[in-house]
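What follows is a set of notes on a single structure, which appears directly below.
None of the figures in this text is laboratory data; all of them are computed from the coordinates on show. Being a predicted model, the structure only gives us computed values, none of them experimental. Backbone-built Cβ (ideal geometry, glycine too); neighbour counts: all protein chains shown.
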Amino acid sequence: MSDFQKHLYLILFPNEALVASQLTPEEFGQHYSIGSPRHFTGKVIFAEIDINYRNDFLRIDNYLKLTDSGIPGRPKRTKFVMSYRVLEHIDFSALQRLYLVTTDGAVLGLDKAEMPTRSAEPHIRLYQEICPLRILVASSLNPPQFGHYITEETWSKGAPKIFFTQYDLDVEAMVASNQVHGFNVGPLPNVNPTNLPTALKELKEDAKKKTKTVNLNPNLDFVSYKAIKHGFWFSAGSNTVFYRMPGLDELHEKYNSWWRRL
């Protein structure tokens, strides 16, 4: 019998997958970001899943049996369980810590938290859908409303469950001040500089319109974790799970080794 404990990890970025492993979360984050020849650049985001969680679609028991290197003293680093439609088959109650991995393998663990206070004033927010959709979206909805809309109120642009974040950008102020024209080298790289003003205009002029696509490609690899507002959400209808992102002062004071590598 192996001396190494087995874990289940739900990879959310850069791809969607459920992976069994005998690595700790910190070791897994380092391996997946800089230790694997199959993925050697960019951020990684994953969540640990309760090892006792089961779903017939995922066939977890079959792959946990194979999660052993067979070499004494060496852990099995990865055994892929499923790489398709994973998130929709994960109960949110099975979610444990969420991990953010920098491009050079530093790992920060986040815990579930209370939802942030909702703003009473309507304004346009910028959401990055991460898994299974990967679209950058402007919306007049607050995060729980946005998650509900994507998972239950739209068919053509939605998914049964969604994992997403919000960027800490004042969209309306940036458009009004024409800062948007510098986005190719600014806070929204890899985005056509006309897309954000167009999205804002449409959302302002049509009260029935709830979302407007800004970019079809994910921007997480081009934007610092410092740009995250509040944290990360898992949504499935009215069921929402939130993971709070520490503020910059908190990162500097409590998680300095991770913060310095952003």
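A few notes on this one:
- For the chain, the average shadow cast by the Cα convex hull is 15.0 nm², which is a quarter of the hull's surface.
- Database remark: amide H of M115 closer than 5 angstrom to no amide H (H placed geometrically; neighbours at sequence offset of 5 or more, or on other chains; Pro and chain starts carry no H).
- The charge dipole of the chain, taken about its Cα centre with unit charges on the Cβ atoms of Lys, Arg (+1), Asp and Glu (-1) only, comes to about 460 debye.
- Tilt relative to the chain, helix 195-205 - C-alpha long axis, 0 to 90 degrees, to 10: 60 degrees
- 12 Å beta-carbon shell around S224, net charge (K/R +1, D/E -1): +1
- Peptide ranges 197-207, 239-249, 19-29, 94-104 listed from the most packed, as the mean C-beta count within 10 angstrom indicates: 19-29, 94-104, 239-249, 197-207
- R0 of 45 Å, Cβ-Cβ distance L262-D56: FRET efficiency to nearest 0.05: 0.65
- For the residue pairs K76/K112; K161/K212; K43/K209, the alpha carbons lie more than 25 Å apart in K76/K112; K43/K209.
- For M82, the residues whose modelled amide H falls within less than 5 Å of its own, excluding neighbours fewer than 5 places apart on the same chain, are L18.
- Distance from region 208-237 to region 53-108 (C-alpha centre basis), Å: 24 Å
- Considering only H252, H31, H148, the Gaussian network model of the chain with Cα springs below 10 Å gives its largest mean-square fluctuation to H252.
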